[in-house]
Structures are given as structure tokens and as C-alpha cells.
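Bear in mind that the values in this text are calculations on the coordinates, not laboratory data. A quick note: this is a predicted structure, and the numbers were derived from the prediction, not measured. Note that each Cβ is placed from the backbone with ideal geometry, even for glycine, and that neighbours are counted across all protein chains shown.
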Amino acid sequence: MDIGIDKLNFFTSDMYVDMGELAETRKEDPNKYLIGIGQKKQAVIPNSQDSVTLAANAAGKIVDDFERKNIDLILFGTESGVDSSKSAAVYLQGLLKINPQASGVELKQACFGLTAGIQLAMGHIMMNPNSRVLLVGSDIARYGINTPGEPTQGGGAVAMIMSAKPSILKINPGNAHLTKDIMDFWRPLYRKEALVDGKYSSREFIDFFDQTFNEYKERENLSTSDFDALIFHLPYTKMGLKALRIGLQGESKEVQQRLFDQFDASKQLNAEVGNLYTGSLYLSLISLLKKGKLKDNDLIGLFSYGSGAEGEFFTANTVPGFKSVLENLDISWLDNRRQVTVSEYEDIYKASLEFTDRNFLTGFKQDKSEFKFMGQTNQQRMYK
Ligand code: HMG
């Protein structure tokens, strides 16, 4: 049975800060951020968006009446949860009016949450061939103003529907996985901003990729030249480039050129948004599918990394006709976002809300998104 991605969409806020301007304000050479980190713009997320509304805005475009009736499982990957008990999947079920027979849970392992969801969905669909599973990866990446991590912030959500007989991507069974209990990036419950050992995390990322990529090729009897594209979780786009350089050592010029070109296509959207945590690998997938040179049945290798840490390498093939299906996936709105100044971005950053027992309202009246977080009354979150 072929199982994979049938529908795909993403969402981020309609505001961004320019990375060249941010670098100048921080007294850095703009090329450090633009080339050294590899980011052009960074999504600025207002306090009227949280992981639930980002997900609803991404999923709302692919959940029509047919899906509302037929989705039987919602898997919500996030490390920006809004409640320690109630899952964001249940909020999403309510906002999108998905039938009450559908079950849903939230999945957490740093940026790996959505990939964990994909593997769970594969098993679920195998047992229930008529199933339609809604998956989302939704996060806000925050490190702090004027910290080394600042140029690697961002936020947004990727949503997908997985099913048997998918129209976009067939996910191949099997993967190479690695788990190691390390402290490269973490966020204790009392903190809004992540703690990170940046250089260590980047070294571990590369090591996890190297090990899982080689393990996968050995298990499946594949060589690097068999791949039509290799894509990565992209906390910042240079991170993927560094890992790819390791993966392509010793390959022919032709193979290197082909895979570097496809990688270049796969990083375009990420360079315009920043880190999405759980959604990053899948935003890169969208970028590749929309901007890369892929044909029907092409083989894509995907590397997922979630700090703490879990890494996984798995593969997928494009489904014949995927290009016409993707015509429905509009990415043009990204070019119409509003640029905010560095000082506006800092104000929006500081207006982000603490978890509190008080009643409050967000700036939802200025937010033009379909789904908004309005605030809190009697310790209950209010969504519109
Ligand atoms: P830094 O220490 O300020 O930067 O922070 P740097 O000094 O290492 O410079 C960065 C790059 O810019 C270097 O290139 C410089 O040479 C280059 P590299 O050696 O890496 O190839 N550079 C320039 N290039 C051109 N022109 C110039 C120039 N100047 C310098 N003028 C760091 C960088 C990534 C450490 C920091 O931003 C950070 O801590 N980020 C957050 C952590 C992170 O993203 N880690 C990635 C791996 S972990 C992961 O992916 C998981 C994660 O998504 C979380 C999760 O799983 O939930 C983060």
C-alpha cells in the first residue's frame, strides 16, 4: 500500500524583519546573517498568534467539508505548547470543526515532533486504509533580543493530510534513527526563550545526519547518487548546507552540482521565514517541490533533527502528477508581507505574553489572519 502526503500547506505571520537591517542594528556585518547564517528575512509573530492559531491558519486551507467528515486522527507536533494537559490537537479540532469521532494528540520532541507524527500516521493508515490523518508542526522560535540565536528565530506552521494513495509524495517504509540524551538546546518549563549551546548543537546536527544517512544507505542498499534531492531540518539555511557538504564528500562533480542545486531550491522559503522548529523540514520540502527541478517518481532524502536529541533519515518519492496538484499551494502571499523596522520587531517581541492566571487581551484587532488568539478569560484561552 502506498502511504504519504495528499495535501500540504504552510502559514506564517504577515510581518517580517530584514536580516541585513537586523545585523546592522546589532553592529554585525550583514553578510554574517545573509551568507554566514543564510537568512534573508525573519517572520515576526504577534501576540495574537500562538501555536494553535498558526496551525489552524495553515490547516484551514486544506481542511474542507470532505476532510472535516473524514479525518480520523490529528497529530500536532509542537514545542510551543499552550497547556500542560489539554493538547493543541483538541483546540485545532474545535477551531476547524473536524468531526468529533476523530482522535488527536500533541507530540513533543523539539523539532522532531512532526516527523514522529508522520511515522505514527504511516502505521495508523496501514491498519485503517480509509483513514485521513491531519498533521501539523507549529512553533514560534525565540532565543532573545541581541543573543547569538536571534538571527535564527522565526515561526509558523506546516499542515498536511496523509492518506493511502497520496497525490503528492509517497513516504517509503523504513528509516534510520538516532537518539542521544544531550543538552544542546532545551527550554525548561519556566522559560519562554530557549537555552542553547549553539556551536555544540550545530556539530551534533551534522554528526546525527552523517550517522543516519550512512546507516540508511547501507540498510537500503542505496548510494548518494541514487538521490534526486537531499533536504534538511533548517534552523538556519547554512546549517543544511554544512551537513550537505559532509554528505557529498567524495561524490562526482555532476552528483554534487545536482544535489547542491536542489538544496538551493529547498532553502528558499526557509531563508524568508526563519526557523519553524517542527515545521522547518517540511517548509523546506514545500520549497523544493515548488522551486526545485523534480520529476515524477524522484527520490527525496529527508533529514529530521530535534535537539535533545533525536535524528532521523527517511525517504519519499514524488507521485506522478504531483506538479499539477501543487498548483493549489499558493506561496505568492509571502512576497506581500509587511516589513517592520528592527525597533517595531523588538516591541512586538516584548509584547509577547507571559503565562499568567490574569485576564488579558492580545492585539488581535490588528491581526488580519483567519484564526486569532484573542486573550484569556477565567484562565481559559479565547480563539476567534
Ligand atoms: P554565532 O556564534 O554568532 O555565529 O552564532 P558564528 O560566529 O559561528 O558565525 C556564523 C557563520 O557566519 C560562520 O560560518 C561564520 O564564519 C560566518 P560557519 O563557520 O558556521 O560556516 N560569518 C560570515 N560569513 C560571511 N561574511 C561575514 C561573516 N561573519 C561571520 N562577514 C549560531 C551562530 C548558529 C551558533 C547561533 O545563531 C545559534 O546559537 N543559533 C541557535 C542554535 C541552532 O540553530 N542550532 C542549529 C542546530 S540544533 C537544531 O537544529 C535544533 C533547533 O531547531 C531546535 C529544536 O530542535 O527544537 C535549534
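Points to keep in mind about this one:
- Stokes-Einstein diffusion coefficient of the range 72-177, Kirkwood radius over Cα pairs, 20 °C, 1.002 mPa s, in µm²/s: 143 µm²/s
- Placing a label point 7 Å from the Cα of Asp29 along the Cα-to-Cβ direction, no residue of the range 251-282 has a backbone N closer than 13 Å.
- In the range 310-344, the GluC sites (Glu not before Pro) that fall in loop regions by DSSP, at most 13 other Cβ within 10 Å: Glu327
- Fewest-first ordering of Lys199, Lys291 by other beta carbons within 10 Å of each residue's beta carbon gives Lys199, Lys291.
- Residue list for the range 1-45, given a label point 7 angstrom along the Cα-to-Cβ vector of Leu329 and an amide N cut-off under 15 Å: 4-12
- Judged by the gyration tensor of its Cα atoms, with axes a ≥ b ≥ c, the range 172-320 is prolate; a/c meets the 1.5 cut and a/b is the larger of a/b and b/c.
- Computed FRET value (nearest 0.05) for Met183 with Gln249, which takes r as the C-beta separation and R₀ as 25 Å: 0.30
- Membrane-span-like helices in the chain, defined purely by DSSP H runs whose alpha carbon atoms cover 15 Å or more axially and whose average Kyte-Doolittle hydropathy reaches -0.5, are 113-127, 237-247, 280-291.
- Relative exposure of Lys372, Lys217, judged by other C-beta atoms within 10 Å (fewest first): Lys217, Lys372
- As a calculated quantity, the FRET efficiency between Asp197 and Leu299 at R0 = 51 Å, using C-beta atoms, amounts to about 0.90.
- Sites listed here are trypsin sites (Lys or Arg not before Pro) in the range 82-131 whose DSSP assignment is loop and whose Cβ has at most 14 other Cβ atoms within 10 Å: Lys86, Lys97.
- Fraction of antiparallel bridges per DSSP, the range 28-186 only, in percent to nearest 5: 45 percent
- Volume of the convex hull of the chain (Cα atoms only), normalised per residue: 131 Å³.
- Given the chain, longest segment not containing exposed loop chymotrypsin sites (Phe, Trp or Tyr not before Pro) (DSSP; at most 15 other Cβ within 10 Å): 1-189
- Exposure proxy shown here: for Met160, Met15, the number of other Cβ atoms within 10 Å sets the order, fewest to most, as Met15, Met160.
- The helix-only estimate of mean residue ellipticity at 222 nm for the chain, built from DSSP H runs of length n ≥ 4 each weighted as -39500 (n - 2.57), is -9500 deg cm²/dmol after division by the residue total.
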